[in-house]
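Notes to accompany the following structure.
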């Protein structure tokens, strides 16, 4: 049996762009944009914009009279975002931490945070910053996964469950932020208008391995003593030997200021 447990950690920008371009990524992002209802002339804020995946779509919606502000703390991500939006004068790229947004209070009409709160130190602090940046009547879109709902089909169900527990407890900082997203939004002063749950489905093993980190996270689980070596390798090898299925729940919350 091979000792290789899947692909190495991908380049972060390439990973985010590929995930956004997937069928699951396109589906929930389109719904988020529609619910956000960005209008011409507005100021739209993308917190944790990464490589600028959504900045062109926001720029198209605000038009020539609007402004799009992309904020991220990773210089490599921002360099790619600048490259992707170099021909879009409405877009401004700003380097900053999400806990200290570089935006004048009460100036933002629309804002989004997409799969960022699960990584930050204090999600409620970021949402409080967002509340400060938005003007009365503003609309905010939040999307986060709930990794406790990750399911991977395998005959060894116990190891699949152990893999999900490891992902939730060790891999992602706030792995269950999706289920508490509406509560956090209300606690920071927003009015929750819509809550949607979607379920990205993976039927291709290679795609799931790249996107969900099946191999690399199993390797870490084994190295950390969370899952037995032989058992983990046997589970991973079995995933590519038959029809594959994996899924998780992604929660989108639309709220107003």
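The values are calculated or read from the model by the stated rules, or taken from the named source; none is laboratory data. Quick caveat, the model's predicted, so the values are computed rather than measured. Cβ: placed from backbone, ideal geometry, glycine included. Neighbour counts: every protein chain shown.
Annotations
- Taken over segment 215-236, the criterion of being out of contact with any helix residue (DSSP H, G or I) (no Cβ under 6 Å at 6 or more places or on another chain), within 24 Å of residue 177 (Cβ to Cβ) and in contact (Cβ under 8 Å) with a residue 60 or more places away in the chain is satisfied by 216 alone.
- Selected residue [in contact (Cβ under 8 Å) with a residue 40 or more places away in the chain and buried (at least 16 other Cβ atoms within 10 Å of the Cβ)] from 203, 239: 239
- Test: residue in segment 57-68 that is farther than 30 Å from residue 231 by Cβ, out of contact with any strand residue (DSSP E or B) (no Cβ under 9 Å at 6 or more places or on another chain), at pLDDT 95 or above and in a helix (DSSP H, G or I): yes
- Residue 242 satisfies every condition listed in (1) in a loop (DSSP other than H, G, I, E, B); (2) under 21 Å from residue 176 (Cα atoms); (3) out of contact with any helix residue (DSSP H, G or I) (no Cβ under 9 Å at 6 or more places or on another chain) except (2).
- Selection status of residue 87, touching a residue at least 40 places away in the same chain (Cβ under 8 Å), exposed (fewer than 14 other Cβ atoms within 10 Å of the Cβ) and over 17 Å from the mean Cα position of the chain (by Cα): no
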